[in-house]
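Taking it in order: structure first as structure tokens, then the write-up.
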Amino acid sequence: MANTKVYLEIVKQLREMISADKLKSGDKIPSERELSERLNVGRSSVREALRALELLGLIETRRGEGTFIRDFQGNQLVQLLGTFILQDEKAKHDVIETKNLMEMDLLRLVLKRADKKELLQIRNLVENEQLNDDQFFYQLIKIADNYLFSRIWLVLKDYYNSVHLEKVVYNRNILFLLIDALIEKDEEKTLSLYRQLRNLSIITDKY
């Protein structure tokens, strides 16, 4: 198993433990031997991977005690783990693809559930530059009124944003046309404009 794959498997294991066991800052993670057995890799590879995670600030080793989750605020640890996992190019592609497919399904829901007044309010916010691109889609998600959809999209959005050094700024003219197509309840036009929105996005330096 390549070293990169070893790192990814160990981080994935940590992520699963955090989620399944509800681990919190200061909790101890499995030993090198346990991780070696679970992942079926040599202890030296596990040791190297843990060292990399420690350099990233995700874990800390206490002499004579073991290795522990660092003291992070809120869900920052999970976000950092997600960032490390998504250095894998295939994983990044999957997140982008899934996020795009979800947003297309979101637009279909909005076509069924939104009224003209709600969409005009969003159009006004875009016109006055009161919404960034994530907020634009989140406003649509609120109209769709599907809690599970909202939670999944937010996770995908955070993962997507965590692995990009740039932010994406979409063509505002197409945003307006997209809202108009939603008001007209024209599904074919709405989805066509969404595809244009993705293709005509402008990459700008985040910092």
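Quick check: with the 1.4 Å probe, what order do 61, 98 take by accessible area, largest first?
The ordering from most to least exposed comes out as 61, 98.
Across segment 26-32, in residue order, what do the Karplus-derived ³J(HN,Hα) couplings come to in whole Hz, using 6.51 cos²θ - 1.76 cosθ + 1.60 with θ = phi - 60° and x for Gly and Pro?
These are the phi-based 3J(HN,Hα) values: x, 6, 8, 9, x, 6, 4 Hz.
For segment 99-161, what is the largest minus smallest coordinate of the Cα atoms on each principal axis, given in angstrom and ordered from greatest to least?
Principal-axis extents of segment 99-161 (Cα, largest first): 29, 26, 17 Å.
Stretch residue 121-residue 151 to full length: gain in nm at 0.36 nm per residue minus the Cα-Cα span?
The span from residue 121 to residue 151 would gain 8.5 nm if fully extended.
Want the number for residue 62 to residue 109: 0.36 nm per residue separation, take away the alpha-carbon distance, what's left?
Residue separation times 0.36 nm, minus the Cα-Cα distance, leaves 11.8 nm.
State the extension gain, in nm to one decimal, for the chain segment bounded by residue 12 and residue 161, taking 0.36 nm per residue of separation less the distance between their alpha-carbons.
So the extension gain works out to 51.8 nm.
When only the heavy atoms of the protein chains count and the probe is 1.4 Å, how do 99, 142 rank by accessible area, highest first?
So, going from the largest accessible area down, we get 142, 99.
Can you flag which of 24/92; 90/116; 92/142; 22/142; 92/189 are past 30 Å Cα-Cα?
Going by Cα-Cα distance, 90/116 fall outside the 30 Å limit.
The values are calculated or read from the model by the stated rules, or taken from the named source; none is laboratory data. Source: prediction; values computed, not measured. Keep in mind that these areas ignore ligands, DNA and RNA; they rest on the heavy atoms of the full protein, side chains included. Shrake-Rupley method; radii C 1.70, N 1.55, O 1.52, S 1.80 Å.
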